[in-house]
Amino acid sequence: WPSRVMVLPATPSRDAGAHSRPSQDGQGEAGPPRPRRPPAFYSSVFAQIEEVGWGQLVSATGDDGVSCLTFRVMDEQRRHHLLEITLPMNYPACPPSIAADVPYLPKLQWSESSRLKDVLCQFQEHLKVLQDYWSTMDGIDKALWVVDPTKPTYAMSHHRIALGDDCYILLHVDTHKPNSLPECRFLGTDGKLERLIKNWRKNRKRWSADRKFHENLATVLDFALPQPPSVSIKDDQQADCGICYATHLPVDDELGTQSGCAADYKCENPSCSRAFHSVCLRDWLRTITTTRQSFDVLFGNCPYCSEPVAVKSTDS
């Protein structure tokens, strides 16, 4: 099921004033020059990033290098989120547009005195509203046999659950009331489906917001739900680095023995367990003012869960 990522309406593109391309022989007429941002825009944006913290900035892209900013945001349960903020040409007179992997986005409260930190604060408040929803989805993923999606995102509210004997229930969880009776469809063989649909109609009033989602589902279906099969992770399966988002480092002589290597460091917090290239983690720690160094070891905090991490300052 596709991710339901919503994006606030964008302001008119700064390239809206179309310009003609020169012809192949170079005789075509040039279009109007592209509008440029004033120098004060850049100094203002850099100051606003400083307020947020450079450690939270994941990337800065766009035609001018800063018109599209992506920040890393942590919620109350230490879930990791990426918030993309696009600055219009007339920023801050007009609000930025935002995008993130969430079921729905907040409506930004904005004035000409607003800054990037206000956008992140409003997004963090929005994440608090979604905590119950994500806790419910986490419970579904752990207790039930989810066959689709195999890699759910934070925006997904649809899950297909295996019930055995080639029967499935397709659930749509209400993002605003996640522990309420969900919308559903049944898929599978006619004989078993008839009984499941009959039980659903008969027992749906027994659904209680005080019970866990999977307990409610078993009660309403009057059926012992199969548990998810144990998944064994192959030893050769590699994880993406939590900083550069690549499985392997590029093949580069400057990286020495690390050239082309897979992630070789893992956060020891069992609820996090994010993998990193040690060279990426080392470079990231050096940008954080709270990082300490003792002999040849850098001591700091995991970018995702803030638990202590330590990595050698050199490859030797």
Please verify whether Asp165 is charged (D, E, K, R), within 24 Å of the chain's Cα centre (by Cα) and either open to solvent by 40 Å² or more (accessible area, probe 1.4 Å) or over 30 Å from Cys280 (Cα atoms) (or both), treating the condition exactly as stated. no
Within segment 92-103, is there a residue that is outside any strand (DSSP E or B), among the polar types (S, T, N, Q) and either modelled with pLDDT of 95 or more or under 16 Å from Thr70 (Cα atoms) (or both)? no
What are the pairs, 6+ residues apart or on separate chains, where a residue within segment 33-45 that is within 12 Å of Val66 (Cα to Cα) has its Cβ under 7 Å from a residue that is among the β-branched types (Val, Ile, Thr) and modelled with pLDDT under 90? Tyr42/Val66; Val45/Val66
Open to solvent by 60 Å² or more (accessible area, probe 1.4 Å), of a type in the set (S, T, N, Q) and not in a strand (DSSP E or B): does that describe Thr136? no
Test result for Ala239, surrounded by 14 or more Cβ atoms within 10 Å (Cβ to Cβ) and either outside any helix (DSSP H, G or I) or modelled with pLDDT under 95 (or both): yes
Is there any pair with a first residue in segment 277-303 that is in contact (Cβ under 8 Å) with a residue 24 or more places away in the chain and a second that is open to solvent by less than 60 Å² (accessible area, probe 1.4 Å) and among the aromatic types (Phe, Trp, Tyr) whose Cβ atoms are under 8 Å apart and which are 6 or more apart or on different chains, and what are they? His277/Tyr265; Ser278/Tyr265; Leu281/Tyr265; Pro303/Trp284
Given the conditions (1) at pLDDT 90 or above; (2) part of a loop (DSSP other than H, G, I, E, B); (3) surrounded by 13 or more Cβ atoms within 10 Å (Cβ to Cβ); (4) over 25 Å from the mean Cα position of the chain (by Cα), and given that Ser44 satisfies all but one, which numbered condition is not satisfied? (2)
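The values are calculated or read from the model by the stated rules, or taken from the named source; none is laboratory data. The structure displayed is predicted, hence computed values, not measured ones. When we count neighbours, we look across all protein chains shown, and the Cβ atoms used for this are built from the backbone with ideal geometry, even at glycine. The area values use the complete protein model at the heavy-atom level, side chains included, leaving out ligands, DNA and RNA. Shrake-Rupley method; radii C 1.70, N 1.55, O 1.52, S 1.80 Å.
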